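Before any comments, here is the structure.
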Amino acid sequence: MNIAVCVKQIPDPATPYELDDENHWIIRPEDQVLDDTDRSGVEVALQLAEATEGTVTLYSMSPSGTLQGIRQALAMGADAAVLIDDPALKGADALTTARVLAAAMQQEGFDLVIAGTESTDGYSGIMPQMMSEILDVPCLSFARKVDAGDGSVTIERQTSDGFDVVEAPIPALITVTAGIEPRYPTFKGIMQAKSKPVTTLTSADLGITNTVHQVIRSVEPVAARTAGEIIEDDGEAYLRIIEVLEQAKVV
Amino acid sequence: MSIWVFSEETNGLPSGGSLELITKARTLGEVAVFYLGAGSDAAWATLGDHGAGSVHHLDTGDVLPSGPAAAAMAELVSDATAVFFGMGNTDRDVAGRLAARLGRAAVSNGLDVSMDGTVTVASEILGGTLEVITEVTAESPAIVVMRPKAFAAEPNGGAAPVVYAVPLVDVGRAGAATVTERHVEESEGPALGEANVIVSGGRGLGSADKFAMMDELAGLLGAAVGGTRAVVDAGWVPYSYQVGQTGKTVKPSVYIACGISGAMQHVVGMKGSSTIIAINKDPDAPIFALSDLGVVGDVHKVVPQLIDALKARA
């Protein structure tokens, strides 16, 4: 099975990102990291590839030239990466991103596409669904468990009050929750990642232009909640909690 | 102006989130609803009572709905100014497919929307510290995905809507997924979205069995139990417990965060609570920055003391 996995390189979430003054786009540092939620997608892809003697190819749109996050995913065991690296794609919205990634996958070929449910930096949470429409495949979303069958895939899909079992023939697209524990890269994996093939494409190679569908007009600070009383537990902090519960009239 | 609202059936009635969106939409124009589910007279009455003028009803049965629903909606909404979706999983699936099918903008995480010549959407980023105003510049309809509880659902005594049946057409590969089993994971006590008090646990609890302590505290307070994405992902509690960006948005009178650090994706789901009490052993935990009462201490000591004291009062 030829498995395509969407991965995103993002600013380190430990340091809040900043926006540029002109377009209000996220300022992307040189040393972006692999979005943690993508590790589960890579893990699922590796398990399915192992079960079906398949291959795992990473796809990422990353206009900043950094490769650190891609290498992290290659070190987990992915076979190759396709990076769409083009300054013309700066500020691309979810639909343009979906068009770019889908076009690259159509060009390279795929049986199954795997993505996270949403990125940690932009979290629009609709890009994979857009890809599924462009690729004309079913979207098996919010999977907490994935199994490959003979020419088909089965997932457990999270619902608001439980889960559904959903089955589809391939080709298909699956979005996975972060519940699937990813493996750690081995030393050997980290060394091998340095020599794995990374194909770089531009939007022109794919025949996609960065169409603007929406514009950010303003970004303003929100009046934040302020911290109230902070106490160190001296063995009687629970009494203060009860006082606050009484003030709120819930006890 | 015509505005469409997507509504997925939940326990036999329109989802609560869709009623919030219909309430907002009726202040902006004529409201048409795309309803996904079995449907019933009670469902139509509820939609009408919130301001829906017409309902277009599709039942996909055991076919995973996003492919056929997006294809059907694309035919219906071409003259609309905007199409509203909630943040539910199926909402997001249909919204994304519809936007791609129509080649239109889709703005996610909306907290407010206005239609004064153009469609603009307010949202928040970085854990709700910055407000972003996005203007849709593409042709209509604008597709807007709104966060739960952005608006309050309020009936306006509207008449029963006109209901049109939407046929389930074969959309080929995009409709090739089938739901083969449905499982409901029961939880006790009040529903998370409606609870007046919420007791919520994070990684700091240490292990799944410590949620027994959350259940006990919740029982004494008549509270619902919630959790962070981390504990849901770890399998300690079901997804229905999740509070935050990808889970539920809650606004109770009191939110008690136990062993929760306060990651941005959690905070966006609970920062609207009236009173926030946090217990965490790390004095630098971000949750303390928005707590009315922050206790720097061990949840495994403070919570049992609290439980004993509440029992003694009962």
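Points worth noting:
- When restricted to residues that are at the interface with another protein chain (Cβ under 8 Å from one of its Cβ atoms), within 17 Å of B:Leu221 (Cβ to Cβ) and within 30 Å of the chain's Cα centre (by Cα), the stretch B:280-302 contains 3.
- Of the numbered criteria (1) of a type in the set (Val, Ile, Thr); (2) crowded, with 20+ Cβ neighbours inside 10 Å; (3) in the same structural domain as B:Ser15 (by TED's automatic domain parsing), the one B:Ile198 fails is (3).
- Considering each residue of the stretch A:213-233 in turn, at least one proves to be closer than 30 Å to B:Ala176 by Cβ, touching a Ser or Thr at 6+ places or on another chain (Cβ under 9 Å) and not charged (D, E, K, R).
- A:Asp21 being within 22 Å of A:Ala193 (Cβ to Cβ) and out of contact with any Leu (no Cβ under 8 Å at 6 or more places or on another chain): no
- A single entry from B:His50, B:His57 fulfils the requirement of being touching a residue at least 60 places away in the same chain (Cβ under 8 Å), surrounded by fewer than 24 Cβ atoms within 10 Å (Cβ to Cβ) and more than 29 Å from A:Gln214 (Cα to Cα): B:His57.
Yes or no, residue by residue, for (1) closer than 16 Å to A:Asn23 by Cβ; (2) β-branched (Val, Ile, Thr):
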residue	(1), (2)
A:Thr200	no, yes
A:Asp205	no, no
A:Val212	yes, yes
A:Val215	yes, yes
A:Arg225	no, no
A:Glu232	no, no
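- Across the stretch A:129-150, the number of residues qualifying as under 17 Å from the mean Cα position of the chain (by Cα), facing chain B (nearest Cβ under 7 Å) and farther than 22 Å from B:Gly61 by Cβ comes to 1.
- Residues satisfying the stated conditions in the stretch B:125-153, i.e. within 8 Å of chain A (Cβ to nearest Cβ), in contact (Cβ under 8 Å) with a residue 60 or more places away in the chain and either surrounded by fewer than 18 Cβ atoms within 10 Å (Cβ to Cβ) or under 21 Å from A:Ser141 (Cα atoms) (or both): B:Val145
- Residue list for the stretch B:154-182, filter: small (Gly, Ala, Ser), more than 25 Å from the chain's Cα centre (by Cα) and away from chain A (no Cβ under 14 Å): B:Ala159, B:Ala160, B:Ala165
- Residue that is farthest from A:Pro169 (Cα to Cα) [pool: residues in the stretch B:54-110 that are touching a helix residue (DSSP H, G or I) at 6+ places or on another chain (Cβ under 8 Å) and acidic (Asp, Glu)]: B:Asp91
- Count of the stretch B:251-262 residues which are closer than 14 Å to B:Gly201 by Cβ and either among the small types (Gly, Ala, Ser) or more than 10 Å from chain A (Cβ to nearest Cβ) (or both): 7
- Residue-level analysis places B:Val55 among those that are part of a strand (DSSP E or B), among the hydrophobic types (A, V, I, L, M, F, W, C), assigned by TED's automatic domain parsing to the domain that holds B:Val162 and within 30 Å of B:Asp116 (Cβ to Cβ).
- The single residue among A:Thr200, A:Thr177, A:Thr209 that is surrounded by fewer than 16 Cβ atoms within 10 Å (Cβ to Cβ), in contact with a strand residue (DSSP E or B) (Cβ under 6 Å, 6 or more places away or on another chain) and under 30 Å from B:Asp93 (Cα atoms) turns out to be A:Thr200.
- Within the stretch B:265-277, being in contact with a strand residue (DSSP E or B) (Cβ under 9 Å, 6 or more places away or on another chain), within 9 Å of another protein chain (Cβ to nearest Cβ) and not in a loop (DSSP other than H, G, I, E, B) holds for B:Thr275, B:Ile276, B:Ile277.
- From the list A:Val153, A:Val166, the lone residue that is more than 7 Å from every other protein chain (Cβ to nearest Cβ) and either under 24 Å from B:Arg97 (Cβ atoms) or at pLDDT 95 or above (or both) is A:Val153.
- Residue within the stretch B:233-245 that is more than 8 Å from chain A (Cβ to nearest Cβ) and either in a helix (DSSP H, G or I) or touching an Asp or Glu at 6+ places or on another chain (Cβ under 8 Å) (or both) present: yes
- Qualifying residues in the stretch A:79-88 (those that are touching a strand residue (DSSP E or B) at 6+ places or on another chain (Cβ under 6 Å) and of a type outside the set (Val, Ile, Thr)) - the one surrounded by the fewest Cβ atoms within 10 Å (Cβ to Cβ): A:Ala80
- A count restricted to the stretch A:1-28 and to residues that are under 26 Å from A:Arg183 (Cα atoms) and modelled with pLDDT of 80 or more stands at 12.
- Just one residue in the set A:Ala98, A:Ala51 is surrounded by fewer than 19 Cβ atoms within 10 Å (Cβ to Cβ) and assigned to a helix (DSSP H, G or I); that residue is A:Ala51.
- With respect to the conditions (1) modelled with pLDDT of 95 or more; (2) within 12 Å of chain B (Cβ to nearest Cβ), A:Met105 falls short on a single one, namely (2).
- Among the residues listed as B:Glu185, B:Glu194, the single one being modelled with pLDDT under 95 and within 11 Å of chain A (Cβ to nearest Cβ): B:Glu185
- Taking the stretch B:79-116 as the range and being away from every other protein chain (no Cβ under 12 Å) and either on the phi > 0 side of the Ramachandran plot or not in a strand (DSSP E or B) (or both) as the test, the residues that pass are B:Asp79, B:Ala80, B:Thr81.
- Qualifying residue in the stretch B:18-32 (condition: out of contact with any helix residue (DSSP H, G or I) (no Cβ under 7 Å at 6 or more places or on another chain), surrounded by 24 or more Cβ atoms within 10 Å (Cβ to Cβ), among the hydroxyl-bearing types (Ser, Thr, Tyr) and within 26 Å of B:Val171 (Cα to Cα)): yes
The values are calculated or read from the model by the stated rules, or taken from the named source; none is laboratory data. The structure presented is a predicted model; accordingly, all values stated were derived computationally and were not measured. Positions of Cβ are backbone-derived with ideal geometry, glycine not excepted, and every protein chain shown enters the neighbour counts.
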